[in-house]
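Only one structure is covered here, and it is reproduced in the block below.
The values are calculated or read from the model by the stated rules, or taken from the named source; none is laboratory data. Predicted model, so just to flag it, every value in this text is computed and none were measured. Every residue, glycine among them, receives a Cβ derived from its backbone with ideal geometry; neighbour counts consider all protein chains shown.
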């Protein structure tokens, strides 16, 4: 790398400055190299779809990894090892996922509740365990999560939680929504909120399918928390 002449001229008058400048450049380059993804950094997991490693990925797959990790997510846990098999589609999917999870018009407590309802209907074990922690941290009652896990109608829900539960449960079990459930959701969240509920439910059904078909493993030492509803 060639340094600008003005820096060189100053360095000739002050040799110590050149040493300091070079040391600074080396630190910056070292930081950039340290931040580059490596095989050890990805920690990909999989079942039927064997975990990929960064050094064996195609350029398109590496672009997807970089795109995911440059957003709000901090890991590649969940469906991403599967999505890497179709990286162009996977990038569009993960961007939709980031939108419905992190930028919904619904508050996190309700958005995560909708994700849990979806995970329960699909008995998606990893999705349930990951988002149960997030939902409780966002303010969802543990009693609601426990009842949902047991396949029961949660008691003592707040009115907005009742609206989410009825709307999402009807969509997932009947493939339709009654006028009463639609109107209750619309009154609570507006038309945008209704669409955001549909989006988060639809996206996490997509995720549930990938996790279940893959047989995605739970973290080491974790046991399944959900029994089949059937």
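What tally of residues in segment 177-196 results from selecting those that are under 28 Å from residue 89 (Cβ atoms) and loosely packed, with under 11 Cβ neighbours inside 10 Å?
Residues meeting the conditions: 0.
Of (1) under 20 Å from residue 100 (Cβ atoms); (2) assigned to a helix (DSSP H, G or I), residue 184 satisfies all except one. Which?
All conditions are met except number (1).
Answer yes or no: is there a residue in segment 197-216 that is part of a loop (DSSP other than H, G, I, E, B) and either surrounded by fewer than 19 Cβ atoms within 10 Å (Cβ to Cβ) or at pLDDT 95 or above (or both).
yes
Select from segment 49-65 the residues that are in a helix (DSSP H, G or I) and in contact with a helix residue (DSSP H, G or I) (Cβ under 8 Å, 6 or more places away or on another chain) and write down the one among them that is farthest from residue 209 (Cα to Cα).
Once the filter is applied, the top-ranked residue is 55.
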